[in-house]
Amino acid sequence: MIKRADIVIIGGGVQGCSIAYNLAKKGAKNIVILEKNTCASGSSGRCGAGIRQQFGTKMNCMLARESMKTFETLSEELDYDIELNRAGYLILAYTEKEINQFKKNVLLEQSLDIDAKMVTPEEAKEIVSCLNLEGIIGGTFCSTDGNVNPLYTTFAYAEAAQRLGAKYYPFTEVTEIKTEDGRILSVITNKGEILTSIVVDAAGGYSGPVGKMAGVDIPVYSQRHQILVTEPIEPLWKPMLMSFSENYYFQQLPDGGILGGFGDPEHEIKGDNINSTWQFSRTMAKKMVKLVPILNEVHMVRQWAGLYNMSPDSQPILGEHPKLKGFYMSLGFSGHGFMLAPTTGKLIAELILDGKTSIPIDKLDIGRFKRGELIIEPSVV
Ligand SMILES: Cc1cc2nc3c(=O)[nH]c(=O)nc-3n(C[C@H](O)[C@H](O)[C@H](O)COP(=O)(O)OP(=O)(O)OC[C@H]3O[C@@H](n4cnc5c(N)ncnc54)[C@H](O)[C@@H]3O)c2cc1C
């Protein structure tokens, strides 16, 4: 293993790989990605890989819109088919409060050139004819949202970064970060020490513990999030179906399987438990069959879990730590870090190399929590 690097990225998920690729694309040399397991073995390889632009905050809308533009041509750019499937997102409302929030969201989205619109229950059924409309009072639809293959996308970034000179070390766990007088000296791994003055914490569900290794407190925690997939069936519908109040998201993938999950923040304990539970599959199956009754006879084939890395306002923490020069954070994505990776990877690369970013991200700094300037995102599962 090399002994010295200009930039060490801890975490070989979609964030770390996108950052490495964007750094290398901008001409940075001697970049190393350290991954304790294998590429995409963390949340990136376990996620739904839904990519949507429908959010309730300007920041997320902008980051997601820019990412979508990148996703459109990413297969060509990275020379790897990431299986982009632009099937849309149909987000359903069950309460007046939600309708009011959705109206605000759509106004915001349209002002940012995101092609989202309000839909009535009848229009929702025109989009997805097998829907049971019970309880649904409206929703929003954005036809340009979609999904990709999360493994292929992460591999694509990792391989492209390596073609541009970055090094990817799997099975290489960072165990210590040496610092002195507010600067980084080196990282210690299970395979030896690497001298460096720049470290990027892109360790997903383990980003808090990585911060502790460097002696900095990052206000994030991790929480299990489960997901399942059914056997493939004949094509029934295309868009992602999602509800924040009823708490579900699921979609028929191009291969015919239905993939979906829900968040359970009140019952899930914080930590890094990623065991699967039968309570999840039972509840998820009920949610699916209630909304799409025809799924009653369909068999589930697999379930798994991963970690959401949660921040206090469900927004990522991006930028350099004010107390440790050269310690950059790209973490706390709170369940929507896959879809933002093309843009956040580019912005972190710009920040490291140019000291400024093409989209302002200073409001997503870690200092916002102390300042009490939280940016609450209302539209998350
Ligand atoms: C079930 C589920 C569904 C989801 N659905 C979506 C979705 O539809 N759309 C979306 O945008 N997001 C979704 N997410 C969230 C998304 O998966 C994450 O936000 C995103 O993958 C974060 O990427 P990452 O690279 O930061 O983290 P990860 O992919 O977790 O990568 C971090 C890596 O760091 C490594 N690591 C940790 N500690 C160390 C160390 N000490 N040394 C070396 N390596 C280390 C880990 O092994 C890991 O591979 C979902 C998440 C889950 C769990």
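The values are calculated or read from the model by the stated rules, or taken from the named source; none is laboratory data. Values in this document were obtained by computation on a predicted structure and should not be read as measured data. Ideal geometry is used to build each Cβ from the backbone, glycine not excepted, and the neighbour counts take in all protein chains shown. To get the accessible areas, we keep the full protein, side chains included, count just its heavy atoms, and leave off ligands, DNA and RNA. Shrake-Rupley method; radii C 1.70, N 1.55, O 1.52, S 1.80 Å.
Using a Gaussian network for the chain with springs between C-alpha atoms less than 10 Å apart, which of these wobbles most: Gly56, Gly205, Gly332?
Answer for the Gaussian network model of the chain: Gly56.
Hey, what does the equivalent ellipsoid look like for the chain, semi-axes from the Cα gyration tensor as sqrt of 5 times each eigenvalue, largest first, whole Å?
35, 21, 19
Take the Cα gyration tensor of the stretch 37-81, multiply each eigenvalue by 5, square-root it, and list the three semi-axes largest first, rounded to whole angstrom.
Values for the stretch 37-81, descending: 22, 17, 8 Å.
Say we join alpha carbon atoms closer than 10 Å with springs in a Gaussian network model of the chain; which of His336, His267, His321 then has the biggest fluctuation?
Answer for the Gaussian network model of the chain: His267.
Kindly provide the Kirkwood hydrodynamic radius of the stretch 1-82 in Å, to one decimal, from all pairs of distinct alpha carbon atoms.
After inverting the pairwise mean of 1/r, the radius is 14.5 Å.
Rolling a 1.4 angstrom probe over the protein heavy atoms, how many square angstrom per residue are accessible across the chain?
Here the residues of the chain average 43 Å² of exposed surface.
Below 15 angstrom from the Cβ of Glu72, what's the summed charge of the other residues (Lys, Arg +1; Asp, Glu -1)?
-3
Pick from Gly256, Gly208, Gly139: which residue has the top mean-square fluctuation in a GNM of the chain where Cα pairs under 10 Å get a spring?
Gly256
When the solvent-accessible surface of protein heavy atoms is calculated with a 1.4 angstrom probe, in what order do Glu231, Glu72 fall, highest first?
These residues rank, largest area first, as Glu72, Glu231.
So what is the relative contact order for the chain, in percent, with contacts set as C-alpha pairs under 8 Å and at least six apart?
After rounding, I find 24 percent.
Assuming 0.36 nm per residue, please report the length gained on full extension of the stretch Ser129 to Asn30 beyond their Cα-Cα distance.
Stretched fully, the Ser129-Asn30 segment lengthens by 30.3 nm.
Which chymotrypsin sites (Phe, Trp or Tyr not before Pro) in the stretch 126-180 sit in a loop by DSSP (not H, G, I, E or B) and have at most 13 other Cβ atoms within 10 Å of their own Cβ?
Answer in residue order: Phe171.
Collect residues whose amide H, placed 1.01 Å from N in the peptide plane, falls under 5 Å from the amide H of Met329; neighbours closer than 5 in sequence don't count.
Hits under the 5 Å cutoff: Asp201, Gly319, Glu320, His321.
Only Cα pairs under 8 Å and at least 6 apart count here; give the relative contact order of the stretch 221-310 as a rounded whole percent.
45 percent
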